[in-house]
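Below: the structure, in structure tokens.
The values are calculated or read from the model by the stated rules, or taken from the named source; none is laboratory data. Quick caveat: nothing in here was measured; it's all calculated off a predicted structure. Here the Cβ is made from the backbone with ideal geometry for all residues, glycine too, and neighbour counts use every protein chain on show.
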Amino acid sequence: MTTVIITGASRGIGRATAVKLSHCSQVDNMVLIATNYDGLLETQRQMSSGVHSELIVFDLSQLWNIDQMVQSIYDKYGSIDWLLNIAGYADPQLLLDTTIDNLSQTFTVNFFSMAILTKAVVKFMKLNEQSQIVNVASTAGSTPRPGWSAYAASKAAVINFSETLSEELAEYHIAVYCVSPGRTATDLRKRLAPEEDPTTIMQPEDVAYTIYTLLTDETQCLAGQDLIVRNKKM
Ligand SMILES: NC(=O)c1ccc[n+]([C@@H]2O[C@H](COP(=O)([O-])OP(=O)(O)OC[C@H]3O[C@@H](n4cnc5c(N)ncnc54)[C@H](OP(=O)(O)O)[C@@H]3O)[C@@H](O)[C@H]2O)c1
């Protein structure tokens, strides 16, 4: 039985990934996490009915409750095999305009919650023969974006965290992938570039396809690297 946890599953890249993975014959249970219940329901509606799915309304910035949530998922399904850290937050501000709240929320959602969720899940993944983790970072994590310092720095943390864990968790046969999308047509991107025509950039399904391939193609050896996903034709 393969049980998958996906954060950020209520829209955008997380939704597209959940829909894509629901058609994967290897997957039995999918646990979808976000704060917007209607968004999660819509994701579930788009998924294949052949997979069992559970919706969990949970605010990932509630760091101290993450352990308990993971414990209850493990108690219910008996294993956690794939973890997809996709949830993200962006409210870019210039250094002199930013606030403690902005810095804190950006790092809490993009990095601390992901690190704490991963820690809680790895405790159980260690018991499996093989497990996989996908962390979604961003091209902003490795290239300068004036005005985006908190977001970009939080994504740089995700990249380094993933590369480090890839080596640290190898002894437990846990593969850690880091996917860094470029511009992708989602709500988050709309906030960053309101004037941009979303039909001219990459679609969430393109990123979902890459994540799906990483998880299902056993011949690839791409763990522990910052994998840039960008449509060069656009
Ligand atoms: N779009 C791009 O151009 C782009 C480029 C590079 C990287 N990325 C990364 O890709 C990932 C997905 O982003 P997206 O573009 O698909 O954005 P999106 O459509 O805005 O989706 C963001 C997801 O994160 C969830 N989320 C945010 N804060 C949360 C919280 N406190 N607790 C639980 N869930 C929370 C949202 O769910 P709720 O609102 O329901 O809570 C939503 O499902 C992010 O990590 C983002 O940084 C995006």
Here is a list: Ser131, Ser138. Which entry is within 18 Å of Asp75 (Cα to Cα) and small (Gly, Ala, Ser)? Ser131
Being surrounded by 14 or more Cβ atoms within 10 Å (Cβ to Cβ), in a strand (DSSP E or B) and within 14 Å of the ligand (Cβ to nearest atom) narrows it down to one residue among Val19, Val31; which is it? Val31
Those residues of the range 67-81 which are touching a helix residue (DSSP H, G or I) at 6+ places or on another chain (Cβ under 6 Å) and buried (at least 20 other Cβ atoms within 10 Å of the Cβ), in sequence order: Val70, Ile80
Please go through the range 174-203 and give me each residue that is within 7 Å of the ligand (Cβ to nearest atom) and either assigned to a strand (DSSP E or B) or exposed (fewer than 14 other Cβ atoms within 10 Å of the Cβ) (or both), ordered by number. Ser180, Pro181, Thr184, Asp187
Only one of these conditions is not met by Thr219: (1) at pLDDT below 95; (2) crowded, with 18+ Cβ neighbours inside 10 Å; (3) of a type in the set (Val, Ile, Thr). Which number is it? (2)
Test each condition in (1) within 10 Å of the ligand (Cβ to nearest atom); (2) in a helix (DSSP H, G or I) for Ile73 and report the one that comes out false. (1)
